[in-house]
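No value in this document is a laboratory result; all are computed from the given coordinates. Remember, it's a predicted structure, so these values are computed and weren't measured experimentally. Note that we place each Cβ from the backbone using ideal geometry, even for glycine, and neighbour counts take in every protein chain shown.
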Amino acid sequence: MVNQQSGMAAIQSPTPSKSCIDTGAVLDCVRLERPTSRQRMTLHELRRTEWKECDQETWHRVWQAQLENLPDDDRSEFMMITGTLLPIWRSIGGEDMKIYRLKTDDGQVLLGCKLESREMAKFRKSMALDAVQLAAEDILAGIEASESYSLVEGLRIKRRRGMGENRIEVATRGGSTILDNLVRLGCISKIIAYQRRMLVPVGSKGVDVLGRIMAEYPVAE
């Protein structure tokens, strides 16, 4: 293939399909390999680019020109997200969602997910790393004043009236992984109206639980 805009050549090869996070649909994918890089995309995304099939003679001429113009050294920059990744897996959202094990020149071993530099802004926004951080006491006071707060991963903390008293609920549209993680952080799991709901304990223990929740799921807005 040759890109009609950049004039660069690439080899198209099949690669495993992936599922759409929103709909669950299976998306057919391909990989474009160039002398110094490779890129994975869906067939739908490929059709929207300037990459077009060409005859073998044209491709060989362009490919050879690229090889002859390669620098002696090539350096690229990427980021590694390490630690407990499962609770924030959906927030990472990188192009190459794989776990890598790397060893630095000084012997440090890194195990985590790789992100390209261009993907960091989106990741920081999804994790609310640039947002104003509120203390658990501030959140509790706001909830008592009927405020609600959105957290990353689609969580929302709000006041809920139930069984004759006001309770603090952590509402989520996530699956069992997030629910189980909230229980691990100290939430109480209750079945209310045939739905599993996460409630924060009352009293001083509730402040500690809120603090642990916000440490893992920061305020998004």
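For ARG47 and ASP73, FRET efficiency with R0 = 25 Å and r from the beta-carbon atoms, rounded to 0.05? In this case the efficiency is close to 0.10. Taking only the alpha carbons of the stretch 136-216, we obtain Rg and Dmax values of 11.6, 32 Å in that order.
Listed values for the stretch 172-179 are Karplus-derived 3J(HN,Hα) couplings in whole Hz (6.51 cos²θ - 1.76 cosθ + 1.60, θ = phi - 60°), namely 8, 9, x, x, 5, 4, 5, 4, and x replaces Gly and Pro.
So for each of 34-43, 168-177 I average, over its residues, the number of other beta carbons within 10 Å; can you give me the resulting order with the highest mean first?
168-177, 34-43
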